[in-house]
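Colleague: Below is a structure I'd like to ask you about.
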Amino acid sequence: MIADVLADAASRMDRAVDAAKEDFATVRTGRANPQLFQKIMVDYYGSPTPLAQLASLNNPEARTLVVTPYDKSALKAIEQAIRDTPNLGANPTNDGNIVRVTLPELTQERRKEFVKIVRAKGEDAKVHVRGIRRKAKDDLDSLKSEVGEDEISRGEKELDALTRTHVDAIDDALKRKEAELLEV
């Protein structure tokens, strides 16, 4: 029973770390990267749809991204969604067939803003991991009547080690992203 609680907590924490890394990838560095556009939602016939489902993305140059929609009627909506995305600073242009997105050069000030955004995302991820830990600890406490307190104590120590490992993984990803952002 304790092993089940720990396994569930571990898998949920793994997903939280993966989500944090994906979130970090959406913050841009010096290059245009299709991952920046992963979380952009386009209003397509009244329903929010991920941009990756509506168009192909490729980057022919370092600071340019070309968005080729599968349905040409979605061009305006895609262009508007990209323009409305916060913290991107992109300027999309529509030529009737594709949307060309040119990302501006990053200034040192803008890089520091992005570092703050990434740190906030990292802190949110760590809070989420700690929330998973709290729920798992409550689940362990509810098992006290069925198993001994020594077993519960051992389970809590394993849970703490698991939490520490996942928080460290988030910190490592955060450090890599910060170094990538501050690299000129």
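The values are calculated or read from the model by the stated rules, or taken from the named source; none is laboratory data. What you are looking at is a predicted structure, and each value in this text was computed from that prediction instead of being measured. Every residue, glycine as well, gets a Cβ built from its backbone with ideal geometry; the counts of neighbours run over all protein chains shown. To get the accessible areas, we keep the full protein, side chains included, count just its heavy atoms, and leave off ligands, DNA and RNA. Shrake-Rupley method; radii C 1.70, N 1.55, O 1.52, S 1.80 Å.
Colleague: Among the residues of the range 1-37, how many are of a type in the set (Phe, Trp, Tyr) and farther than 30 Å from Asn91 by Cβ?
Modeller: 0
Colleague: Are any residues in the range 54-66 open to solvent by less than 40 Å² (accessible area, probe 1.4 Å), aliphatic (A, V, I, L, M) and either more than 21 Å from the chain's Cα centre (by Cα) or under 15 Å from Thr29 (Cβ atoms) (or both), and if so, which ones?
Modeller: Result: Leu65, Val66.
Colleague: Could you check the range 6-49 and list, in sequence order, the residues that are open to solvent by less than 40 Å² (accessible area, probe 1.4 Å) and either at pLDDT 90 or above or small (Gly, Ala, Ser) (or both)?
Modeller: Leu6, Ala9, Ala10, Met13, Ala16, Val17, Ala20, Ala25, Gly30, Ala32, Val42, Thr49, listed by residue number.
Colleague: List the residue pairs whose Cβ atoms are under 8 Å apart, where the first residue sits in the range 71-92 and is closer than 22 Å to Asp23 by Cβ, the second is open to solvent by 40 Å² or more (accessible area, probe 1.4 Å) and among the acidic types (Asp, Glu), and the two are 6 or more positions apart or on different chains.
Modeller: The qualifying pairs are Ala81/Asp43; Asn87/Glu113.
Colleague: Residue check, Lys39 against (1) assigned to a loop (DSSP other than H, G, I, E, B); (2) touching a residue at least 24 places away in the same chain (Cβ under 8 Å); (3) under 26 Å from Asp172 (Cβ atoms), all met but one. Which one?
Modeller: Of (1) assigned to a loop (DSSP other than H, G, I, E, B); (2) touching a residue at least 24 places away in the same chain (Cβ under 8 Å); (3) under 26 Å from Asp172 (Cβ atoms), only one is false for Lys39: (2).
Colleague: Test Ala81 against the stated conditions and say whether it is more than 14 Å from Arg28 (Cβ to Cβ), small (Gly, Ala, Ser) and in contact with a strand residue (DSSP E or B) (Cβ under 9 Å, 6 or more places away or on another chain).
Modeller: Judged against the criteria, Ala81 is a match.
Colleague: If I ask for residues that are farther than 16 Å from Arg100 by Cα and in contact (Cβ under 8 Å) with a residue 12 or more places away in the chain, which ones from the range 43-57 would you list?
Modeller: Once the filter is applied, which keeps residues that are farther than 16 Å from Arg100 by Cα and in contact (Cβ under 8 Å) with a residue 12 or more places away in the chain, the range 43-57 yields Asp43, Tyr44, Pro50.
Colleague: Just to check your reading of the model, which residue among Lys135, Lys116, Lys144 is open to solvent by 30 Å² or more (accessible area, probe 1.4 Å), at pLDDT below 90 and farther than 30 Å from Pro69 by Cα?
Modeller: The unique qualifying residue is Lys144.
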